[in-house]
Amino acid sequence: MTRFLGGLLSLALLAGHAYAQTRDMSSTGVALDRVVAIVNEGVVLQSQLDAQTAMIEERLRGQATQLPPADVIRQQVLERLILQEIQMQRAGRIGVQVPDEMLNEALRDVAQRNNIPFEQMPAALEAQGVDYAGYREEMRREIMMQLLRQRDVFPRIYVSPRELEQALVRDAGQAGVNTEYDVSHILLSLPEAATVEEMAKVEDLARDIRRRAIEGEDFGQLALAYSKAQSALERGKLGWRRLGQLPQFIADQIAGLQTGQVSEPMRTPTGFHLVRLDGVRGGDSGPVMVEQVHARHILMRPNEVQDDATTRQRLAAIRDRILAGEDFSALASVTSEDPGSAPHGGDLGWTAPGSFDPQFEEVLAGLADNEISEPFRTRFGWHVVQLLGKRTYDQSDDMRRQRVLTALRESKVDEETELWLRRMRDEAYVEIRNP
C-alpha cells in the first residue's frame, strides 16, 4: 500500500491551493459548481475537474515541463476522474471499506515519510490551506481504490509453472539481472471490438508519434497529449523497474534499446504501445549466503484441563524417554500439537534466520549438534527442540526463483489493470457535459 502513499501529502497540498484558486464565486459569495460528467448514478463536478487540473499543471510546471494545450490536460484529468468515480461506485456496491484504523495507519505512514509528527498533520495541512477532513476522505478514496484493485485485478493474475520455468531460463541467460531501467510509455487504446479500419488508424497514429519523438519532440509531452494509460498525467513515466517487473512485451523491446531510443509500435489487447528507454542503472550482485539450521521439535499447548505446569511436566517426561533411547520422530508424530511438523516427526527442515519465534531461535542458537533442549515456553506453547545440524547455504537460487515469480506477477498488473478499467468504462453510462 505504501507504494502510492509516499507522495500523496505533497499532492494534497497542491490540490488544496488549486481548489481554493479555481472555485467561482456568485455575487452573494457562495461557491458555484456544476456537473461536468454523469457517471452511472454519480457525477463529476467542475470543482473537482478544476482542482485536479490545476494540481497537475502546478506539478508539471514544477518539473519545468512545457504544458500541452489546456483542453488536453483537462480531458486527461476528466477521464481519470470518471474512472475513479466508476471504481468508487463498484467499491460501494461490493462492500469495500476502509476502517478508521487502516486510514490512520496510512496517514501515519505519510506523516513519517514527510517528517511530520502525526499529531501535527492537521495543522501542517491547514497552514497550506488544505482541509484535514477533506484530505482524510481523499486518502480514504485512494486506499479504497487500491483495495478494490487487489480484489478485482490481482486474482486474475496467474503465473503457470511453464511461464515460471521459461522466465527462470530467460533470467539465467540475462546479464545484469539486477539492472533497473527507467521507462516511459504511451498507450493508444482500442475498443474491444475494433474494426480493421480503426486498428489501422490507431497504428498510423502510433507510427506518427514515434516519428515525432525520434525527430526531437518531448516524449513526455506526447504522452500527456495522446496516452490513455494510467501513467499519462505522469508524462508516461513508469519509473525504475527491472526487466522482469515490466510487461513481457515491453521488456522484450527495452532489452534491445539504447538510452533515449523509442520502440516500434507494439500491439496488445489494450491497444498500441510505444516505450522509450530513459536510463539504466545497477548491476549483478554476488551470492546470498545464509546460516541455516536443521531442527525438529515437539509442541504441547496448555488447555482447560492441562495447565502450564502440567504441560511442562508431560514434555519433560517425553524428553527423558528420548534421552533413554526412544525415537524422537516417532514420539513427535503421536504427541506433538504442531500440525505442520508432526506428520514429519517434528522435522522443521532447513531454515534461515528469522523463520521462528525469537525465543525459539534463541534456544536453538545455544544448542550443540544433536542436543535436545529442556522444555521452554513461547507464545505458541511448550517445546522441546533438537538441533540436527547447521550449514552455510547459498540462497541465491531460492531468492532468484521468488524474485522471478514476483516480477512475473508484477509484470502482468499494469496490462490487466488497463483491461479491467476499460471493461468497466465500456459498461458504464457516461455523459460528458462540456467540461
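Each reported figure results from applying straightforward, stated rules to the coordinates on display, with no laboratory input. Every value quoted in this text rests on a predicted model; they were computed, and no experiment measured them. Note: ideal-geometry Cβ built from the backbone for every residue, glycine included; neighbour counts use all protein chains shown.
In debye, nearest 20: dipole of region 148-227 around its Cα centre with unit charges on the Cβ of K, R (+) and D, E (-)?
Charge dipole, region 148-227, about its Cα centre: 240 debye, nearest 20.
With N set to the number of residues, divide the alpha-carbon radius of gyration of region 294-334 by 2.2 N^0.38 Å and report two decimals.
Numbers: Rg = 11.1 Å, N = 41, 2.2 N^0.38 = 9.0 Å.
Relative to the rule-of-thumb radius for its length, region 294-334 sits at 1.23.
Between region 153-231 and region 372-435, how far is it from one alpha carbon centroid to the other, in angstrom?
Between the Cα centre of region 153-231 and that of region 372-435, the gap is 24 Å.
Could you give me the ³J(HN,Hα) list for region 331-341, computed from phi with Karplus coefficients 6.51, -1.76, 1.60 and θ = phi - 60°, whole Hz, x at Gly and Pro?
5, 4, 4, 9, 10, 5, 9, 8, x, x, 9
Might you report the magnitude of the Cβ-based charge dipole of region 253-409 about its Cα centre, with Lys and Arg at +1 and Asp and Glu at -1, to the nearest 20 debye? Don't skip to the answer; put the middle values down first.
Values: 17 positive and 22 negative charges, 143 e Å.
Here region 253-409 has a charge dipole of around 680 debye.
Show me, for region 351-359, the HN-Hα J-couplings you get by feeding each phi into the Karplus relation (A = 6.51, B = -1.76, C = 1.60, θ = phi - 60°), rounded to Hz, glycine and proline as x.
Values, residue by residue: 10, 8, x, x, 7, 10, 4, x, 5 Hz.
Whole-Hz ³J(HN,Hα) for each residue in region 119-130, computed from phi via Karplus 6.51 cos²θ - 1.76 cosθ + 1.60 with θ = phi - 60°, x for glycine and proline: what do you get?
So the Karplus estimates, Gly and Pro as x, are 5, 9, 4, x, 5, 4, 5, 4, 5, 9, x, 10 Hz.
Suppose every K and R has +1 on its Cβ and every D and E has -1 on its Cβ; what is the size of the dipole of the chain about the Cα centre, in Debye to the nearest 20?
Details: 51 positive and 66 negative charges, 112 e Å.
So the magnitude is around 540 debye.
Along the charge dipole of region 73-156, pointing to its positive end and built from +1/-1 on Cβ of Lys, Arg, Asp and Glu, which listed residue (Ala111, Ala133, Gln97) has its Cα farthest out?
It is Gln97.
If one computes the Cα centroid of region 294-344 and of region 75-109, what distance in Å separates the two points?
Region 294-344 and region 75-109 have Cα centres separated by 50 Å.
In degrees from 0 to 90, rounded to the nearest 10, what is the angle of the helix 161-172 Cα long axis to the longest principal axis of the chain?
Rounded to the nearest ten degrees, it is 80.
Compute the angle between helix 8-22 and the longest alpha-carbon principal axis of the chain, please, reported from 0 to 90 degrees and rounded to the nearest 10.
That helix lies at roughly 20 degrees to the long axis.
Got the relative contact order for the chain handy, in percent, Cα pairs under 8 Å and 6 or more residues apart? Show your work: numbers first, answer last.
Working: 627 pairs, mean separation 80.6, N = 435.
Worked out over the chain, it gives 19 percent.
Largest first and to the nearest Å, give the Cα extent of region 233-283 along each principal axis.
33, 24, 19
Sum up the charges of everything whose Cβ sits under 14 Å from the Cβ of Pro339, counting Lys and Arg as +1 and Asp and Glu as -1, but leave Pro339 out.
Values: positive: Arg301; negative: Glu337, Asp338, Asp347.
Net charge in that neighbourhood comes out at -2.
Let me check I've understood the local charge: for Leu243, count other residues with C-beta under 11 angstrom from its C-beta, Lys and Arg +1, Asp and Glu -1. What total comes out?
Details: positive: Arg170, Arg241, Arg242; negative: Asp171, Glu180, Asp252.
Value of the local net charge: 0.
In the neighborhood of Glu264, defined by Cβ-to-Cβ distances under 15 Å, what is the net charge if each Lys or Arg adds +1 and each Asp or Glu adds -1? Intermediate results must be reported in sequence, preceding the final value.
Numbers: positive: Arg207, Arg210, Arg211, Arg212, Arg267, Arg276; negative: Glu203, Asp204, Asp208, Asp252.
Net of charged neighbours comes to +2.
Between Gln292, Leu148, Val183, whose Cα lies farthest towards the positive end of the dipole of the chain when Lys and Arg beta carbons carry +1 and Asp and Glu beta carbons carry -1, centred on the Cα centre?
Val183
Would you please classify the overall shape of region 289-394 from the alpha carbon gyration tensor, given that a ≥ b ≥ c denote the square roots of the eigenvalues, rounded means a/c under 1.5, and beyond that prolate means a/b larger than b/c while oblate covers the rest? Spell out each step's value before the answer.
Values: a/c = 1.86, a/b = 1.54, b/c = 1.21.
Prolate shape, in that a/c is at least 1.5 and a/b is the bigger ratio.
Taking amide hydrogens as modeled 1.01 Å from N in the peptide plane, which residues meet the under 5 Å criterion relative to Asp338, leaving out close sequence neighbours?
Leu299
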